[in-house]
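Take a look at the structure set out below.
The values are calculated or read from the model by the stated rules, or taken from the named source; none is laboratory data. Since this is a predicted model, take the numbers as computed values, not measurements. Using ideal geometry, Cβ is built from the backbone for each residue, glycine included, and neighbour counts are taken over all protein chains shown. Side chains are part of the model used for accessible areas, which takes the heavy atoms of the whole protein and leaves out ligands, DNA and RNA. Shrake-Rupley method; radii C 1.70, N 1.55, O 1.52, S 1.80 Å.
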Amino acid sequence: MKLNLDISTFLSQYWQQRPALFKAALPDFVDPLSPDELAGLALEEDVSSRIIVRDGAQWRSEPGGREDYSELGEANWQLLVQAVNHHDPDAQALCHAFRFLPDWRFDDLMISFATPGGGVGPHIDNYDVFIIQGEGERRWQVGPKGNYAARPNSGGMALVEDFDPIIDAVMSPGDVLYIPPGYPHCGQTLTPSLSYSLGYRAPSQTELLSAVADTAVDLGLGQQRFTSSEEHQNPALVSQQQQHQMLTMVQSLLEQPGLWQHTLGRLLSQNRFELAPCPPQPPLQAAEVDAALADGAELVRLEGLKVLQLEGDNTLTLYLDGDDYSLSEGLESTAQRLSQAPSLSTADWAPLWRAQPDVLLAWLNLGYWRFE
């Protein structure tokens, strides 16, 4: 699916700066799932979903995944299913159209089906989002940044008061709305419709600090304890000098070789929603991989799996799903293909099998890649 968008102009003038509506950005758009298929996916135990019901000027959230929607009526409700790209190859293919943005930022593809009048209410996200209109029509309003009061009686949902829109438009199939963090927005369904939301997140300071601590523990770093040659005469006082020395000690931890790189690689390769691997049963054996090699099998990556490399890392390490794997010297081009391509030809993955068969076999038996 090709995105009809001037990427350089978008990145320089809109990305993380201001919202914009791009009409027919995905021409001849075809929904990857039907409403019935989406409802069926919501029934899966490992799939996160919810239903938002509108009652006048208020909204409430209910658990998703039900066999019968008839009691909700034919208006004023919406089903939302998270991380559909982890479960459906066609949904994952839609995400690839936006891969001009880095993989580490991409969170998930949420798909929603809404009846007329349905929506989630006015709210503000702390992440970037692209909203793609599928079948049907929805009216979207986006307001300016500002201090918006929380909406009263919103049933625990983080809704805000109404706003004066700077964008007010009806979206049709293939239209794309981009909204940076901090802009209030609200969608109202005009006809039964499917919508697709691609979210892009970046870690907070708290998340980074927590990840540094976890990685330091895993690597056996950060064991140094604070020492000082002088103590303050007041036993109840922590001196400014000691405060600064403790801060310096923490800062020096971040300079430990590999700690920061391992922290970022592990943290940014994780997914907020669980992946859906299907490990082969029984586990594959080396002879079966040899047979796949002889047959010219293609190696296909698990939907939603992030495979990251860090620029400037001379250790040839790949980060997958919060873990790290070191590849041997001479596999530089193979590592690039593994991280960049959703599928690899036999010629692309054969060098890894010959050099480090244990690594590829482990990935196959974890369900991270499969043969087709």
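Candidates Glu67, Glu37: the one that is open to solvent by 50 Å² or more (accessible area, probe 1.4 Å), closer than 23 Å to Ala93 by Cα and of a type outside the set (A, V, I, L, M, F, W, C) is Glu37. For region 171-180, the criterion of being within 25 Å of the chain's Cα centre (by Cα), at pLDDT 95 or above, part of a loop (DSSP other than H, G, I, E, B) and of a type in the set (Asp, Glu) is satisfied by at least one residue.
Tell me which residues, restricted to region 216-237, are assigned to a loop (DSSP other than H, G, I, E, B), closer than 30 Å to Gly265 by Cα and open to solvent by 70 Å² or more (accessible area, probe 1.4 Å).
We begin by selecting, within region 216-237, every residue assigned to a loop (DSSP other than H, G, I, E, B); these are 220-237.
Filter once more, so that each one left must be closer than 30 Å to Gly265 by Cα: 220-226.
Across region 216-237, the qualifying residues are Gln223, Gln224, Arg225.
Take Phe113 and decide whether it is closer than 28 Å to Ser339 by Cβ and among the aromatic types (Phe, Trp, Tyr).
Working: closer than 28 Å to Ser339 by Cβ: no; among the aromatic types (Phe, Trp, Tyr): yes.
It is false that Phe113 is closer than 28 Å to Ser339 by Cβ and among the aromatic types (Phe, Trp, Tyr).
When region 327-342 is examined, which residues are found to be hydroxyl-bearing (Ser, Thr, Tyr) and either open to solvent by 70 Å² or more (accessible area, probe 1.4 Å) or farther than 21 Å from Asn271 by Cα (or both)? Full working, then the answer.
Kept after step one, since they are hydroxyl-bearing (Ser, Thr, Tyr), are these residues of region 327-342: 328, 333-334, 339.
Matches in region 327-342: Ser328, Ser333, Thr334.
Total residues in region 278-326 satisfying the condition of being farther than 25 Å from Arg266 by Cβ and of a type in the set (A, V, I, L, M): the figure is 9. Candidates Asp28, Asp36, Asp55, Asp46: the one that is on the phi > 0 side of the Ramachandran plot and not small (Gly, Ala, Ser) is Asp28. Pairs meeting the criteria (first residue in region 92-118 and more than 18 Å from Ala25 (Cα to Cα), second residue open to solvent by 10 Å² or more (accessible area, probe 1.4 Å) and aromatic (Phe, Trp, Tyr), beta carbons under 8 Å, at least 6 apart or on different chains) are Asp107/Tyr127; Asp108/Phe273; Ala114/Trp77; Thr115/Trp77; Gly118/Trp77.
Does any residue of region 297-311 turn out to be at pLDDT 95 or above and more than 26 Å from the chain's Cα centre (by Cα)? Yes: region 297-311 contains one or more residues that are at pLDDT 95 or above and more than 26 Å from the chain's Cα centre (by Cα). Restricting attention to region 168-196, the residues that are open to solvent by less than 30 Å² (accessible area, probe 1.4 Å), β-branched (Val, Ile, Thr) and under 18 Å from Ala24 (Cα atoms) total 2. Looking at this structure, is Leu253 within 24 Å of Asp324 (Cβ to Cβ), in contact with a helix residue (DSSP H, G or I) (Cβ under 8 Å, 6 or more places away or on another chain) and without any contact (Cβ under 8 Å) to a residue 60 or more places away in the chain? Answer is yes for this residue. Scan region 343-368 for residues that are crowded, with 18+ Cβ neighbours inside 10 Å and part of a loop (DSSP other than H, G, I, E, B) and jot them down. Tyr368 - this is the single residue of region 343-368 that is crowded, with 18+ Cβ neighbours inside 10 Å and part of a loop (DSSP other than H, G, I, E, B).
Residues Trp349, Trp363: which one is closer than 30 Å to Gln82 by Cα and in contact (Cβ under 8 Å) with a residue 12 or more places away in the chain? First the steps, then the outcome.
Details: Trp349 fails: closer than 30 Å to Gln82 by Cα.
When all the criteria are applied, what remains is Trp363.
So which of Asp31, Asp46, Asp68 ends up being in contact with a strand residue (DSSP E or B) (Cβ under 7 Å, 6 or more places away or on another chain), charged (D, E, K, R) and part of a loop (DSSP other than H, G, I, E, B)?
On the way: Asp46 fails: in contact with a strand residue (DSSP E or B) (Cβ under 7 Å, 6 or more places away or on another chain); Asp68 fails: in contact with a strand residue (DSSP E or B) (Cβ under 7 Å, 6 or more places away or on another chain).
Only one candidate passes the filter, namely Asp31.
Considering Asp162, Asp88, Asp108, the condition of being over 15 Å from Pro19 (Cβ atoms), open to solvent by 60 Å² or more (accessible area, probe 1.4 Å) and either more than 13 Å from the chain's Cα centre (by Cα) or not hydrophobic (A, V, I, L, M, F, W, C) (or both) is satisfied by Asp162 alone.
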